[in-house]
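Okay, structure first, notes after.
The values are calculated or read from the model by the stated rules, or taken from the named source; none is laboratory data. All figures in this text were calculated on a predicted structure; none of them were measured in a lab. Because the Cβ atoms are built from the backbone with ideal geometry, glycine has one as well, and the counts that use them run over all protein chains shown.
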Amino acid sequence: MYDQLRHDYLSCAGHKTLHTPNMDRLAAMGVRFANTYVQSPVCGASRMSFYTGRYVSSHGAAWNNFPLKVGEQTLGDHLRKLGVDSWLIGKTHMKADAEGMARLGISTDSVIGARVSECGFDIFERDDGLWAEGPDGFYDEKRSPYNEYLNSKGYEGGNPWHDYANSADEDGQMASGWFMRHASFIKPHWPYIVPAPYHNMYGHNQIQPVNRHPSEQKDPHPVYAQFQNNAAGQAFSRDEVRETVIPAYMGLIKQCAGQLGRLLDCLETSGRMEDTMIVLTSDHGDYMGDHWLGEKDLFHEPSVKVPLIIYDPTADATRGTTVEALVEAIDLAPTFVEVMGGDVPENILEGRSLMPFLRGEKPADWREFAISEYDYSATPMCANLGLKPKDARLFMVATERYTFMHSEGGFRPMLLIGMSIRAN
């Protein structure tokens, strides 16, 4: 699961200048799902939907580091019943429901407690932060051993992960990619700081044309206007920002593709490709100036659609095919349950298994729309609009042609058609 990788920034998805041979290699071996929607266009809430197979309104972890309720079952819980271990590596935005665990007497020192604290997973190595700590202490209470590993390799300081990977030296001063000042190593999440040789592979003449129109700035929906006018929206509305950041973003994706190739080569030479299912996806996209916006947050395709490629070693009949059906991120959990021979608990998992598509079938009753939700109560945009937290919520219904957005708080809805926005 890449972080903030747009659905259309792969050459197999039609990008004209960014060549991603190993993503394409995986797509040629498997099935690419061209219309995959996440259940929230923000990292933590999206990941919790991937993990639980449930909509945000069901699992309740609607923002980064919002606790996942202690009773929620995740991939680890469902697959462990089938004799399958589930390990987590890297970034996750998980926060334990400490109050719920205490109420039920679940100790974090127990095996069950340790797994409940980590989304039902066993942890190989976890690191949630671009910044290790802030004014109130460490962001991730369970600190990753990665900084200690970097120290052992000669990288000095208390947070060499930030100092050497996510920052740059500017005239003797530490400059990070925060606030769009520099073109990260979070692959391809900002800050957009790229290691050699990927830093100068692309130029401004290789970026795709921006997808926006002046009409989108005329009497915009109040919520849409807030995101147009926040720091990211204002920055990415400037051509010079796009011309600096997007080549860096492309370089990071090129690095991702190179590292994926190393993994695929290892699996092939070891013979494990024959018994390994591989899923490539992302937690959300990145506007990159499209629709006068930066970052993610709202429901245009650059933000809420993600790449999804599934390689199944047993699915010979569908290799190299593309599925156009509407797919949701929550479909992966029931897919894994079915792959491992389990019965999908439809009373818990709200997605549907994608195995019929991998077998070359299309269910007659497949969904006609996809759902996504966004709780922006923790953002300055909520305060600017004078909203109570319960009213700072957005809901999306997307069909093959239209995307409809409902806004709580008494605002009018929005209808997105292609690159324009119509307010009803």
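To keep it simple, each residue is scored yes or no on (1) touching a Ser or Thr at 6+ places or on another chain (Cβ under 7 Å); (2) within 18 Å of Ala96 (Cβ to Cβ); (3) hydroxyl-bearing (Ser, Thr, Tyr).
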| residue | (1), (2), (3) |
| --- | --- |
| Tyr9 | no, no, yes |
| Ala13 | no, no, no |
| Asn22 | no, no, no |
| Val31 | yes, no, no |
| Gly44 | no, yes, no |
| Met48 | no, yes, no |
| Gly53 | no, no, no |
| Asn65 | no, yes, no |
| Thr74 | yes, yes, yes |
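Among (1) in a helix (DSSP H, G or I); (2) at pLDDT 75 or above; (3) over 30 Å from Thr74 (Cβ atoms), where does Tyr192 come up short?
Going through the list (1) in a helix (DSSP H, G or I); (2) at pLDDT 75 or above; (3) over 30 Å from Thr74 (Cβ atoms), Tyr192 breaks only (1).
Kindly list, by first and then second residue, each pair from a residue in the stretch 193-210 that is exposed (fewer than 14 other Cβ atoms within 10 Å of the Cβ) to a residue that is of a type in the set (Asp, Glu), limited to pairs with Cβ atoms under 8 Å and residues at least 6 apart or on different chains.
His204/Glu243
Residue-by-condition table, conditions (1) more than 30 Å from Arg319 (Cβ to Cβ); (2) in contact with a strand residue (DSSP E or B) (Cβ under 6 Å, 6 or more places away or on another chain):
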{"position": "Arg6", "(1), (2)": "no, no"}
{"position": "Thr20", "(1), (2)": "no, no"}
{"position": "Leu26", "(1), (2)": "no, yes"}
{"position": "Ser40", "(1), (2)": "yes, yes"}
{"position": "Asp77", "(1), (2)": "yes, no"}
{"position": "Leu88", "(1), (2)": "no, yes"}
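Show the residue pairs meeting these rules: Cβ distance below 6 Å; 6+ apart or different chains; first residue within the stretch 8-20 and closer than 11 Å to Cys256 by Cβ; second residue at pLDDT 95 or above and surrounded by fewer than 20 Cβ atoms within 10 Å (Cβ to Cβ).
Matching pairs, first to second residue: Tyr9/His15; Thr20/Ser11.
Of the residues that make up the stretch 80-90, is at least one assigned to a helix (DSSP H, G or I), of a type in the set (D, E, K, R) and surrounded by fewer than 20 Cβ atoms within 10 Å (Cβ to Cβ)?
Scanning the stretch 80-90, I find at least one residue that is assigned to a helix (DSSP H, G or I), of a type in the set (D, E, K, R) and surrounded by fewer than 20 Cβ atoms within 10 Å (Cβ to Cβ), so the answer is yes.
Only residues that are assigned to a helix (DSSP H, G or I), under 17 Å from Leu332 (Cβ atoms) and of a type outside the set (A, V, I, L, M): list them for the stretch 1-43, please.
Scanning the stretch 1-43 gives a single hit, Cys43.
When only residues in the stretch 223-272 that are of a type in the set (Lys, Arg), surrounded by fewer than 18 Cβ atoms within 10 Å (Cβ to Cβ) and modelled with pLDDT of 95 or more count, which is farthest from Met29 (Cα to Cα)?
Arg238
Go through the stretch 340-371 and report how many residues are over 24 Å from the mean Cα position of the chain (by Cα) and of a type in the set (Val, Ile, Thr).
Residues in the stretch 340-371 being over 24 Å from the mean Cα position of the chain (by Cα) and of a type in the set (Val, Ile, Thr): 1 in total.
List pairs: first in the stretch 89-113 and within 21 Å of Gly44 (Cβ to Cβ), second of a type in the set (A, V, I, L, M, F, W, C) and surrounded by fewer than 16 Cβ atoms within 10 Å (Cβ to Cβ), Cβ under 8 Å, 6+ apart or cross-chain?
The qualifying pairs are Ile89/Phe124.
In the stretch 369-420, what count of residues is obtained for those that are hydroxyl-bearing (Ser, Thr, Tyr), touching a helix residue (DSSP H, G or I) at 6+ places or on another chain (Cβ under 7 Å) and either at pLDDT below 95 or part of a loop (DSSP other than H, G, I, E, B) (or both)?
Count: 3.
Can you name the condition, by its number, that His291 falls short on among (1) within 17 Å of the chain's Cα centre (by Cα); (2) within 25 Å of Leu415 (Cα to Cα); (3) in a helix (DSSP H, G or I)?
For His291, the failing item is (1).
Those residues that are assigned to a loop (DSSP other than H, G, I, E, B), among the aliphatic types (A, V, I, L, M) and under 13 Å from Leu79 (Cα atoms), I need them from the stretch 327-352; list them, please.
Correct list: Met340, Val344, Leu349.
Give just the number: which of (1) assigned to a loop (DSSP other than H, G, I, E, B); (2) buried (at least 20 other Cβ atoms within 10 Å of the Cβ) does Gly71 not satisfy?
Gly71 satisfies every listed condition except (2).
Only one residue in Asp97, Asp136, Asp140 is of a type in the set (Asp, Glu) and modelled with pLDDT of 75 or more, so which one is that?
Going through Asp97, Asp136, Asp140 in turn, just one is of a type in the set (Asp, Glu) and modelled with pLDDT of 75 or more: Asp97.
Tell me whether the stretch 222-229 contains one or more residues that are in a loop (DSSP other than H, G, I, E, B) and farther than 24 Å from Tyr37 by Cα.
yes
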